1. Are any residues in the range 179-190 surrounded by 13 or more Cβ atoms within 10 Å (Cβ to Cβ) and in a helix (DSSP H, G or I), and if so, which ones?
2. State all residues of the range 149-159 that are surrounded by 13 or more Cβ atoms within 10 Å (Cβ to Cβ) and of a type outside the set (Val, Ile, Thr); if no residue qualifies, say none.
3. Could you grab me the full set of residues in the range 243-274 that are surrounded by fewer than 17 Cβ atoms within 10 Å (Cβ to Cβ) and in a loop (DSSP other than H, G, I, E, B)?
4. What strands (runs of 3 or more DSSP E), lying completely within the range 290-356, carry at least 1 residues that are farther than 29 Å from GLY188 by Cβ and modelled with pLDDT of 65 or more?
5. Quick one: count up the residues across the range 110-128 that are in a loop (DSSP other than H, G, I, E, B), at negative phi and within 27 Å of the chain's Cα centre (by Cα).
6. Just the residues that are surrounded by 15 or more Cβ atoms within 10 Å (Cβ to Cβ), of a type outside the set (A, V, I, L, M, F, W, C) and more than 24 Å from the chain's Cα centre (by Cα), please, taken from the range 162-175.
7. Would you mind telling me which numbered condition in (1) part of a loop (DSSP other than H, G, I, E, B); (2) modelled with pLDDT of 95 or more; (3) not assigned by TED's automatic domain parsing to the domain that holds VAL249 GLY134 fails?
8. Mind listing whichever residues of the range 195-229 are of a type outside the set (Phe, Trp, Tyr), in a loop (DSSP other than H, G, I, E, B) and surrounded by 14 or more Cβ atoms within 10 Å (Cβ to Cβ)?
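The values are calculated or read from the model by the stated rules, or taken from the named source; none is laboratory data. Note that the structure is predicted; figures quoted are calculated from it, not measured. For neighbour counting, all protein chains shown are included, and Cβ atoms are generated from backbone atoms with ideal geometry for every residue, glycine included.
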Amino acid sequence: MKKFFLFFAAALMTLSFASCDGGGNTPKDEAFKIEISNIEARKASVVVTPADTAVTYYWDLLEAAQAAKMTDAEVAAYFKEYFDYVIDYYAEYELTYADLVIKGKEDYDFSGLDPDTEYTVVALALTANIEAAGTAVKKTFKTLEAHEDPVPADMTFQIEVDGITFNSAAVAITPSTDASTYYWNVFGAEDIAGMSDADIKATIKDNLDYMIEYYTYYGYDVTIADFLSQGPDAYEFEGLSANTAYTIVAVAMGTEGTINGALAKRTFQTAEVVASDSLELDLVSQYTFYEEYNVIQILGEDAEKNLELGLTFETAEPTGTFTLADCYEDGYYYWNYIYNSQTEEIVEFVDLYVTGVLQGSEYIYSGYGIAEDGIKYIFTDVHATEYVPQEEAPAKANKKGHEKKDFKAAKKGNFKKAGKFVSRKAFDR
């Protein structure tokens, strides 16, 4: 199973289906017909049909207690606030209210709901300025209770580690029983040093909550079950830090997140970085800018080898000596990579040493970086074509790097759920 900070396995838990009419609180002569079906512990399907197909409206899911207190004007204000959030989030697309309101019949499958919880579907006709243009129609339903199999307290694990390099390791887990589910992952040994087992279990649950929220926000239908293993499991971790201790942790866990029994742990250490080969880059086209976030970005291309160097340093000064630690923010990398434009392959640096000097309008940098492929890339006396001072820099880079689509890249993307809003339906329009 691929672990939560890289990818996830799509093995969705099957729950029993049920339907509910929400108590029949939508008379036929009202402006909207609301149909709710396929209600599960964390899911429900909704269809909204307006009596007048020409009416402009919006509908969404709210917590029942919140919806019961809201006037039509407050519902419209809620929708307007949500629209403003979506428009701001997707500012580059220049969305308007007209892009988010609805005409005609619409259906949506909600996921990530809380079990045994009342929700209310609210539909309301709106003006062009997102003000109430009618009376809100509401229909309430309740999700089912969540159930999971008993979680054994005596489950044990055999943990094996093989193929350790400076940035990777192959891990195999064998549980004492194939009948129950469990969770396992690799943690930085220093990160959990001194933590009690109870603290580590709480950290595991926090991480899972975050990942479910993250993937749900981006349209994936995931539950805790998607992050669990059953029976023997193995995974080859990549992108580890060199000369660093890691601890593998495994524990019995149910599909609703119940943790039981003792933690199994095994610690290993990655090797020191030793370059297998070296390559001197002849960087012929560079662009440097110093933008409002105090970030220096260096991009260069080797015309003969079709390699592009991308370096970004979080620093308040454009000159000095930079290491890999200067490419971090909150523990996650900015761009620092070698990109092959022919194969479209990206390798990140695991070690980096760069010196930058500003001479007039010319920026000179030199140094080396050892990448994940084990090659030491050397760049010496390379002149950037332009240096843009902070007060003249654009708000965004006009030449962006090649993002790696992994959890590190996503985490640094400042992910957050849509605040107090229950659903992400407007984001999917």
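1. Looking only at the range 179-190, we keep the residues that are surrounded by 13 or more Cβ atoms within 10 Å (Cβ to Cβ), and these are 180-189.
ALA189, the sole residue that qualifies.
2. Initial filter on the range 149-159 (surrounded by 13 or more Cβ atoms within 10 Å (Cβ to Cβ)): 151-152, 155-159.
The answer is PRO152, MET155, PHE157, GLN158.
3. Answer for the range 243-274, where residues must be surrounded by fewer than 17 Cβ atoms within 10 Å (Cβ to Cβ) and in a loop (DSSP other than H, G, I, E, B): ASN243, THR244, THR258, ALA271, GLU272, VAL274.
4. Working: elements: 295-302, 307-314, 320-323, 336-340.
Output list reads 295-302, 307-314, 336-340.
5. First pass over the range 110-128, keeping only residues in a loop (DSSP other than H, G, I, E, B): 111-117, 127-128.
Still in the running and at negative phi: 111, 113-115, 117, 127-128.
Subsequent filtering for residues that are within 27 Å of the chain's Cα centre (by Cα) retains 111, 113-115, 117.
Adding up the residues that qualify gives 5.
6. Residues satisfying the conditions are THR165, THR174, PRO175.
7. (2)
8. Step one: filter the range 195-229 for residues of a type outside the set (Phe, Trp, Tyr), giving 195-209, 211-213, 216, 219, 221-226, 228-229.
Now drop any that are not in a loop (DSSP other than H, G, I, E, B), which leaves 195-196, 219, 221-223, 228.
Selection gives ASP221, VAL222, THR223, LEU228.
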